[in-house]
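The values are calculated or read from the model by the stated rules, or taken from the named source; none is laboratory data. Source: prediction; values computed, not measured. Note that we place each Cβ from the backbone using ideal geometry, even for glycine, and neighbour counts take in every protein chain shown. Just the protein is used for accessible areas: all its heavy atoms, side chains included, with ligands, DNA and RNA removed. Shrake-Rupley method; radii C 1.70, N 1.55, O 1.52, S 1.80 Å.
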Amino acid sequence: MTAVIVQCRLSSTRLPGKALMPLEGASLFEWTLRACGMIPADAYIAAVAEPSYGDLLPAAQALGWECFPGPEEDVLGRFCAAIRNYGVDTVVRATADNPFLFFEAAGASLTEFTRLKADYLTYTGLPHGSGVEVMNAQALLRSHPGATPFEKEHVGPALYQHPDTFDCRFIPAPAPWNHPGLRTTVDTARDLRRARRIARALKSARREAQGDAQGAFTAEEICAACASPPVSRPVLLVPSVKKGQGTGHLRRMLELALETGAEVLVPPEGTLAEAPAIVAEALGAGLSPGQVIQSLPEPGEYALVVSDLFRAEAPEAEALSAAGPLVGIDEGSPARDAWDYLLDIIPPLEDDRRVNLFESGFITLPEHRRSPGDPGENAALVVFGGEDPGGLALDAALRVWRAGADVTAVVDDPEAKRALLPPEARDAIRLVPPAGGLRDKLHRYGLVVTHYGLTAWEARHAGCRVLLGPSTPLHGALARKYGFEPLMVPGTCAWHHESRRGMVPGACAWHHLGAFITRLASGVRRPCPVCGTAGGPVAARTEEATFRRCPSCGIQYQAFQAGGGGESYGEDYFFGDYKQHYGRTYLEDFGAIKARGAERMTRIRRYTGARRGAILDVGCAYGPFLAAAADAGWDAYGIDVSERAVAYVRDTLGFPAVPSSLEDFDPEGAFGVREFDAVTLWFVLEHLPDAGAALKKIRSLLKPGGLLAFSTPSASGVSARTNPQGFYGSSPRDHVTLWEPERARPILSSLGFDVLKIVSTGHHPERFPRMERASGDSLAFKALGLWSRVRSLGDTFEAYCVAGISNGGFSSKNQL
């Protein structure tokens with residue numbers, strides 16, 4: 001008889017009681033039993049620890065499984081007792097913390113086990129948590145008397161750790177199931193959160209495809225769920241739940257969670273009294289309970305953390321940043337360098353706020369707009385947020401009511417607030433509690449009285465008249481800046497339509513904030529590529545990236561890059577893309593590039609004092625520099641990650657070249673050469689994600705006294721100095737380091753190189769202020785070109801450095 005036996009206990013040390021923890025409508029235990037129930041067998045047995053029997057029995061019986069109690073610690077003994085009790089010949093073993101088991105793979109492994117007549121068989125390469133072990137029952141019985149405590153706890157080792165006694169087979173899983181990089185088991189709280197994401201993704205996809213989410217899930221469905229953005233790139237949303245900061249932050253993040261599948265941090269110690277009701281409202285709208293977490297996650301758990309905290313403190317930002325790259329929405333903290341990406345949605349007070357992106361189009365606008373003659377012209381809505389931290393709602397409602405309007409006011413605890421109104425107004429003014437969906441009800445009112453924020457912009461778009469009460473001095477200043485009419489002094493009411501000055505939210509290229517956040521979640525946060533130090537002051541922010549200056553080595557680097565991928569090094573890079581930038585393809589430009597290579601070889605020969613030598617060009621592309629080096633009498637070698645470019649160099653130009661990254665390059669294996677007299681990187685160094693390791697590798701490739709020569713864009717050239725935002729904004733996505741000539745020397749020195757010469761190149765007088773249309777023959781143009789050279793203001797530079805001077809190399813002193 002073949003039996004599927006699932007072991008289970010509730011006394012897990014890392015996650016006690018996990019088997020009965022909820023997982024999208026069912027317990028972990030039930031998910032596992034449903035999946036295992038798809039394996040063809042004669043009996044299905046839950047072998048549970050005796051202390052857990054009473055708690056697990058109802059779930060097992062409800063699914064038609066036998067529930068068999070046994071020793072808690074001696075799991076092997078528990079299996080042996082079940083084997084004897086049910087007369088089992090073949091055991092398919094699973095554990096109850098594996099809810100996403102590949103039942104098709106389990107069935108195939110059972111068939112293979114029967115064919116091979118083995119004692120033990122398992123597939124290797126399955127996700128950790130999706131496999132089973134198939135075992136001969138008699139072999140297990142024979143193993144028990146001499147088993148070690150470890151073998152009694154883990155069962156399988158009692159057989160496969162004794163290959164001289166038992167025939168054990170470890171077979172690579174077939175390709176559809178071979179995903180060793182995935183983890184589907186549940187051992188920790190972090191695993192449980194991931195399992196809940198997988199379960200949500202599975203059910204969502206099944207409902208979309210079939211209309212319901214019943215039954216066990218296939219391996220294909222599980223792999224697809226694991227690859228979905230909410231699972232592979234999870235996002236944590238962190239709203240303000242502090243008293244006095246309103247309810248809008250929490251509502252916005254809950255809406256975003258409903259749209260993206262992200263999780264929301266709502267700590268129980270939050271002081272926002274309305275938070276439980278607002279969360280309950282979101283749960284009623286379809287938010288999963290598993291999407292609401294109550295404590296800070298583990299470091300590195302999320303691909304992105306999005307804060308909507310109004311004005312966070314630096315320690316709070318640092319704690320959130322440990323969980324993943326940190327994005328701030330409308331963040332007012334003075335310590336904003338702590339955020340990896342800043343997004344302003346509500347138009348701010350300062351015009352020069354340094355943020356990555358300002359996009360008022362992310363304000364979700366009402367679907368309905370008022371038209372002239374619509375009902376409700378005399379109807380007024382008074383709303384100062386769900387919390388009304390300034391206590392303005394009743395006073396404003398009275399002012400507007402006395403001006404003759406039919407008033408509805410949003411307040412917490414309407415009955416208590418009604419008693420605070422004058423007797424004559426208690427029945428006239430309608431008081432209602434805060435509730436969701438207000439945005440699409442605004443068109444019913446001719447007037448909306450609120451404070452500066454999302455509701456003000458939504459009401460403006462809905463065609464309502466808008467009056468703003470200054471709940472804080474900041475709100476008042478913002479209202480004035482964007483042309484909203486202020487609520488007047490008692491006894492009067494500004495009943496006319498507010499000014500249209502300012503920014504009106506409109507269409508956004510991303511259409512939805514959720515789509516933009518999902519893109520950011522595929523971004524990359526990195527430490528300094530040269531020395532590995534994380535953080536540093538922000539040098540610049542653009543829509544695509546945040547640049548920092550390393551606090552240790554001083555280099556500027558791309559600390560955060562928004563999702564979407566870097567540059568591609570396919571044929572388009574050398575042909576279509578190159579032609580778009582320069583008006584001709586790379587091969588059409590071969591002669592000009594080779595001519596620049598000849599100039600560089602002149603410097604290399606000068607600084608090495610050698611007329612011949614072995615030179616390696618890293619990132620050789622289609623070989624123009626190799627051709628220049630060969631013409632100068634040197635033995636030229638090249639490496640490049642483009643296989644097609646390398647094939648051209650090798651087969652057409654006849655130079656030795658291999659397709660390889662610098663990291664993987666083996667000179668002896670590739671060329672039979674151990675060391676080189678010179679190594680060059682022409683506009684390559686800035687692309688390397690680990691520039692420090694790359695330079696150390698180059699140092700190992702050079703002979704003592706050998707030369708490193710490279711070129712790179714300059715982050716202190718005329719473009720960076722006169723138009724910094726344009727410089728950073730146009731910096732290619734794959735330029736991870738931004739070098740400055742004046743800082744290159746100490747950085748290179750720390751890595752074992754002495755700088756012999758830095759040559760400022762790429763001089764563009766037309767990039768100086770007010771010179772865009774100047775004639776190249778003008779005196780001013782020529783003077784600025786000379787000034788650029790004298791002051792080293794070129795937009796690129798070349799560096800020539802010597803390695804190993806302490807080992808007999810030449811020094812900069814006798815070369816310059």
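Considering all C-alpha pairs of the range 657-715, those separated by over 19 Å amount to 28%.
If you take all other residues with their beta carbon under 11 Å from the beta carbon of residue 665, and give Lys and Arg +1 and Asp and Glu -1, the sum is -4.
Here the alpha carbons of the chain define both size measures, Rg and Dmax, at 34.1, 102 Å.
Applying a threshold of 30 Å to the alpha-carbon distances of 152/203; 243/481; 579/697 flags 152/203; 579/697 as lying beyond it. Give me the base-10 log of I(q)/I(0) for the range 88-160 at each q in 0.16, 0.25 Å⁻¹, Debye formula, one uniform scatterer per Cα, rounded to two decimals. Taken in order of the listed q values, log10 I(q)/I(0) reads -0.56, -1.20. For residue 757, a cut-off of 15 angstrom between C-alpha atoms picks up these aspartates and glutamates, skipping any fewer than 8 places away in its own chain: 599, 740, 742, 798. Quick check on the chain: of the DSSP beta bridges with both residues there, what percent are antiparallel, nearest 5%? So the antiparallel bridges amount to about 30 percent of the total. For the range 89-243, the convex hull spanned by the alpha carbon atoms encloses 151 Å³ per residue.
Calculated from the alpha-carbon coordinates, the range 753-808 shows an Rg and a Dmax of 16.1, 53 Å respectively. In plain terms, the bigger the Kirkwood radius, the slower the diffusion; for the range 377-467, with that radius from Cα pairs, at 10 °C and 1.306 mPa s, Stokes-Einstein puts D at 123 µm²/s.
So what is the relative contact order for the range 1-81, in percent, with contacts set as C-alpha pairs under 8 Å and at least six apart? For the range 1-81, the relative contact order is 31 percent. Working note: Cα atoms of the range 722-793, range along each principal axis, descending, whole Å: 45, 29, 14. The local environment of residue 273, defined by Cβ-Cβ distances under 15 Å, has a net charge of -3 under the rule Lys, Arg +1 and Asp, Glu -1. Relative contact order of the chain, taken over Cα pairs closer than 8 Å and 6 or more residues apart, is 6 percent.
Shape index of the range 310-358: Rg/Rh, with Rg the Cα radius of gyration and Rh the Kirkwood radius from the inverse mean 1/r over Cα pairs, equals 0.95. Only DSSP H runs of four or more residues enter the estimate; each adds -39500 (n - 2.57), and after division by the residues of the chain the mean residue ellipticity at 222 nm equals -9000 deg cm²/dmol. The Cβ shell under 15 Å around residue 616 holds other residues with a net charge of -2, Lys and Arg each +1, Asp and Glu each -1. Scattering from the range 15-109 was approximated by placing one identical point on each alpha carbon and applying the Debye formula without solvent; log10 I(q)/I(0) at 0.12, 0.13, 0.21 1/Å stands at -0.36, -0.42, -1.15.
For the pair residue 573 and residue 150, what calculated FRET efficiency results from E = 1/(1 + (r/R0)^6), where r is the Cβ-Cβ distance and R0 = 41 Å, to the nearest 0.05?
Once rounded, the FRET efficiency stands at 0.15.
Rounded to the nearest 10 square angstrom, residue 128 shows an accessible area of 100 square angstrom against a 1.4 Å probe.
Dividing the Cα radius of gyration of the range 252-311 by 2.2 N^0.38 Å, with N the residue count, gives 1.11.
Quick one: pull the percentage of alpha-carbon pairs in the range 532-614 with a separation above 21 Å.
Pairs farther apart than 21 Å: 62 percent.
Entry for the range 574-630 at q = 0.15 Å⁻¹: log10 I(q)/I(0) = -0.48, Debye formula applied to identical alpha-carbon scatterers, no solvent contribution.
Under a 1.4 angstrom probe, counting protein chains only, how are 392, 159, 20 ranked by accessible area, largest first?
Ranking 392, 159, 20 by accessible area, largest first, yields 20, 392, 159.
Across the range 133-243, C-alpha contacts under 8 Å between residues 6 or more apart give a mean separation that, scaled by the residue count, equals a relative contact order of 15 percent. Each residue, residue 725 and residue 757, gets one label point 7 Å from its Cα in the Cβ direction; the gap between the two is 4.0 nm.
State the Cα centre-to-centre distance between the range 40-85 and the range 629-663 in whole Å. Answer, in whole Å: 65.
Across the range 641-687, counting alpha-carbon atoms alone, Rg and Dmax equal 11.4, 29 Å.
Around the Cα centre of the chain, unit charges on the Cβ atoms of Lys, Arg, Asp and Glu (plus for the first two, minus for the last two) sum to a dipole of about 2400 debye.
Percent of Cα-Cα pairs more than 23 Å apart in the range 657-759, please. Cα-Cα pairs of the range 657-759 separated by over 23 Å account for 32 percent. Our note on the geometry: Cα centres of the range 687-751 and the range 123-185, 51 Å apart.
Going by the alpha-carbon gyration tensor, a ≥ b ≥ c the square roots of its eigenvalues, is the range 403-451 rounded (a/c under 1.5) or, if a/c is not under 1.5, prolate (a/b greater than b/c) versus oblate?
It comes out oblate by the Cα gyration axes.
Once divided by 2.2 N^0.38 Å, the Cα radius of gyration of the range 540-698 becomes 1.12.
Starting with the highest mean, order 265-271, 402-408, 460-466, 708-714 by the number of other Cβ atoms within 10 Å, averaged over the residues of each peptide. Working shown, then result.
Values: 265-271: 14.0, 402-408: 18.1, 460-466: 22.0, 708-714: 24.3.
Most protected by this proxy first, the peptides run 708-714, 460-466, 402-408, 265-271.
Heavy-atom accessible surface of residue 168, to the nearest 10 Å², is about 30 Å², with a 1.4 Å probe and all protein chains retained.
Applying D = kT/(6 pi eta Rh) to the range 588-660, where Rh is the Kirkwood radius over alpha-carbon pairs, T corresponds to 25 °C and eta to 0.890 mPa s, the Stokes-Einstein value obtained is 203 µm²/s. When its C-alpha radius of gyration is set against 2.2 N^0.38 Å (N residues), the range 282-383 gives a value of 1.44.
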